[in-house]
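Data first, discussion second: the structure below is written as structure tokens.
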Amino acid sequence: MDYRRSYLRDLFAAAPGAEVEAYGWVKTRRDSKNVSFVQLNDGSCFNDLQVVVPEGAIDESTLKRITTGACVRFTGTLVESPGGKQAVELQAKGVEVFGEADPATYPLQKKGATMEFLREIAHLRPRGNTFGAVFRVRAQAAFAIHEFFHRRGFHYIHPPIITASDAEGAGAMFHVTTHDPYAGKPADPAADFFGKPAFLTVSGQLEAETLALALTNVYSFGPTFRAENSNSARHLAEFWMVEPEQAFCSLEGNMNLAEEFLKEVIGAVLDRCAGDLEFFNQRIEPELLSTLSHVVNSPFERLTYTEAIKLLEASGEAFEFPVFWGADLQSEHERWLTEKKVGRPVILTDYPKEIKAFYMRQNEDGKTVRAMDVLAPRIGEIIGGSQREERLDHLEARITEMGLPMEAYWWYLDLRRFGSAPHAGFGLGFERLLMYVTGMKNIRDVIPYHRTPGSAEF
Ligand code: 4AD
Ligand code: MG
């Protein structure tokens, strides 16, 4: 076996007549009179390779072992495919069975299995069409994100995953401790591993700010954790966030970056994952392709929170949650704005300070902050960001007002004491972006292994 062997993807582009090997997992085997047909896939692309096994090419007992889910290596000749569905197929001459899959117990057999069922076999679902496509798109999108920032001179940074500070000041954090919480004895933070309470990070933003105020433009891309007890289709307890931070940048610059960023990453996925997106367009979300192309080619709408509230109030819709100035926008409001009112992504700015984090730059009106959320049709909030409060006195006042522990933020405040600068950044929920580009309806289905309340299998 050779690590440089070709992927099935490459075989589709090879010239008929070539003698090749094809590795993969069997999707189906169908026997007719003098010939068997095997659909083979190695996950390198959406399409299966059709393998034609003429009578006698493989002995009867070996052929019987080539069932759905089995892992095999075929050898044979690439020939032009008469069916026209694909350019080439493989005329098999031999096979090696690496691993059988007992048809009586292999769980991934039925067509049309529900998403809920597939979540229970998350270790096997990547072999199916839908999840193969999801994870290829996920990989391409991640790469496109790195490319986007790299081309613009942003430095890729790695904020800590374990932290002692609450970046959002919202308290929904997982404790990290070596104390046995089930032992019944009270925990003593001073005797714990870090000598004080520690948590899994909810955002790398505060640390990213320290690096931006030294390297100018930085971004992080890593896992973040929130102990929100939410069972919605848009929330995970462990999700991946992309967080750029720019020094010498205002809210406008931040909005421009967010818009360019989304358009470029979606554009790259459209270019590079055509086969997978075609499948999503046909089977998961009608008009996905036209919607995404539209998003790439038209400007996002920009509104202030106050303008959005006025539109919502005048909408005549019977919302479940009341709309008034000061209210946090609910998913139904975000969807009305993006889907019914505007028909494409919307950037909302200048939210009331009461519903936003302590670090956002305060506006002259004393009521609003320089926040921005990017809302997308179907998804709602996909990006949250802001210009940061760079003035020491304003930041301290807000921390006090919100009852947050001033001492814990000493290093963050130091940034405002020594060489402060206007700066801004945002966080993109990577899984929300993937829901948007694939059309998948539940965030649990765009991450290999979801972590939600009550669920940490695998
Ligand atoms: O709006 P959020 O809470 O913003 C921050 O964490 C900032 N510190 C980011 C920054 O400015 N550097 O979260 C950012 C994004 C949201 O817009 C959403 O897309 C996603 O992260 N997100 C979640 N995704 C999945 N599950 C959850 N529980 C999420 N919570 C937030
Ligand atoms: Mg937010």
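FYI, it's all coordinate maths here, none of it is from the lab. From a predicted model like this one, the values you see are computed outputs, not experimental measurements. Heads up, the Cβs are rebuilt from the backbone with ideal geometry, glycines too, and the neighbour counts pull from every protein chain shown.
Just a few scattered comments:
- Cross-chain or 6+ apart pairs with Cβ under 6 Å, the range 355-376 first and more than 11 Å from ligand 1 (Cβ to nearest atom), then in a loop (DSSP other than H, G, I, E, B) and of a type in the set (Lys, Arg): Val369/Lys356; Arg370/Arg361
- Test: residue in the range 51-60 that is touching a Cys at 6+ places or on another chain (Cβ under 6 Å) and either buried (at least 18 other Cβ atoms within 10 Å of the Cβ) or among the aliphatic types (A, V, I, L, M) (or both): no
- Taking (1) assigned to a loop (DSSP other than H, G, I, E, B); (2) within 30 Å of Leu292 (Cβ to Cβ); (3) not polar (S, T, N, Q) in turn, Val374 satisfies each apart from (1).
- Helices (runs of 4 or more DSSP H) enclosed by the range 244-300 - at least 2 residues per element that are under 18 Å from Asn47 (Cβ atoms): 251-272, 274-283
- Residue in the range 368-379 that is of a type outside the set (D, E, K, R) and away from ligand 2 (no atom under 16 Å from the Cβ) present: yes
- In the range 377-389, the residues that are farther than 18 Å from Ala170 by Cα and more than 9 Å from ligand 1 (Cβ to nearest atom): Pro377, Arg378, Gln387
- From the options Ile382, Ile355, residue that is among the hydrophobic types (A, V, I, L, M, F, W, C), touching a Lys or Arg at 6+ places or on another chain (Cβ under 6 Å) and over 22 Å from Leu213 (Cα atoms): Ile382
- Filtered residues of the range 6-21 (kept if of a type outside the set (Asp, Glu) and either closer than 16 Å to Glu80 by Cα or within 28 Å of the chain's Cα centre (by Cα) (or both)): Tyr7, Leu8, Arg9, Leu11, Phe12, Ala13, Ala14, Ala15, Pro16, Gly17, Ala18, Val20
Yes/no matrix, rows are residues, columns are (1) crowded, with 21+ Cβ neighbours inside 10 Å; (2) of a type outside the set (Val, Ile, Thr):
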site	(1), (2)
Arg234	no, yes
Glu245	yes, yes
Asn254	yes, yes
Phe261	yes, yes
Val269	yes, no
Cys273	yes, yes
Asp276	yes, yes
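- The residues listed here are His150, His158, His146; of these, the one that is under 30 Å from Asn217 (Cβ atoms) and touching a Ser or Thr at 6+ places or on another chain (Cβ under 8 Å) is His158.
- Checking every residue in the range 110-124 against the condition of being touching a residue at least 60 places away in the same chain (Cβ under 8 Å) and among the polar types (S, T, N, Q) gives zero matches.
- Count of residues meeting criterion [assigned to a loop (DSSP other than H, G, I, E, B), of a type outside the set (Asp, Glu) and within 14 Å of ligand 2 (Cβ to nearest atom)] in the range 217-231: 2
- Only residues that are more than 22 Å from the chain's Cα centre (by Cα) and either near ligand 1 (Cβ under 8 Å from one of its atoms) or not in a loop (DSSP other than H, G, I, E, B) (or both) were counted across the range 410-439, and they come to 10.
- Selected residue (only one of Ala318, Ala327 is in a loop (DSSP other than H, G, I, E, B) and exposed (fewer than 13 other Cβ atoms within 10 Å of the Cβ)): Ala318
Yes/no per residue for (1) touching a residue at least 40 places away in the same chain (Cβ under 8 Å); (2) in contact with a strand residue (DSSP E or B) (Cβ under 7 Å, 6 or more places away or on another chain); (3) among the aliphatic types (A, V, I, L, M); (4) farther than 22 Å from Phe430 by Cβ:
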site: Ala274; (1), (2), (3), (4): no, no, yes, no
site: Glu301; (1), (2), (3), (4): yes, yes, no, yes
site: Lys310; (1), (2), (3), (4): no, no, no, yes
site: Lys341; (1), (2), (3), (4): no, no, no, yes
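- Residue within the range 161-172 that is among the small types (Gly, Ala, Ser) and farther than 26 Å from Glu243 by Cβ present: no
- Asp365 away from ligand 2 (no atom under 16 Å from the Cβ), assigned to a loop (DSSP other than H, G, I, E, B) and either over 31 Å from the mean Cα position of the chain (by Cα) or crowded, with 20+ Cβ neighbours inside 10 Å (or both): yes
- Cβ-Cβ contacts under 7 Å between residues 6 or more apart (or on different chains), taken from a first residue in the range 434-450 that is touching a residue at least 60 places away in the same chain (Cβ under 8 Å) to a second residue that is among the small types (Gly, Ala, Ser), are listed as Leu434/Ala141; Tyr436/Ala376; Val437/Ala141; Lys441/Ala233; Asn442/Ala233; Ile443/Ala233; Pro448/Ala122; Tyr449/Ala122.
- Residue check, Gly419 over 30 Å from Gly132 (Cβ atoms) and within 16 Å of ligand 2 (Cβ to nearest atom): no
- Selection status of Val95, in contact with a Phe, Trp or Tyr (Cβ under 6 Å, 6 or more places away or on another chain), under 28 Å from Phe131 (Cβ atoms) and buried (at least 17 other Cβ atoms within 10 Å of the Cβ): yes
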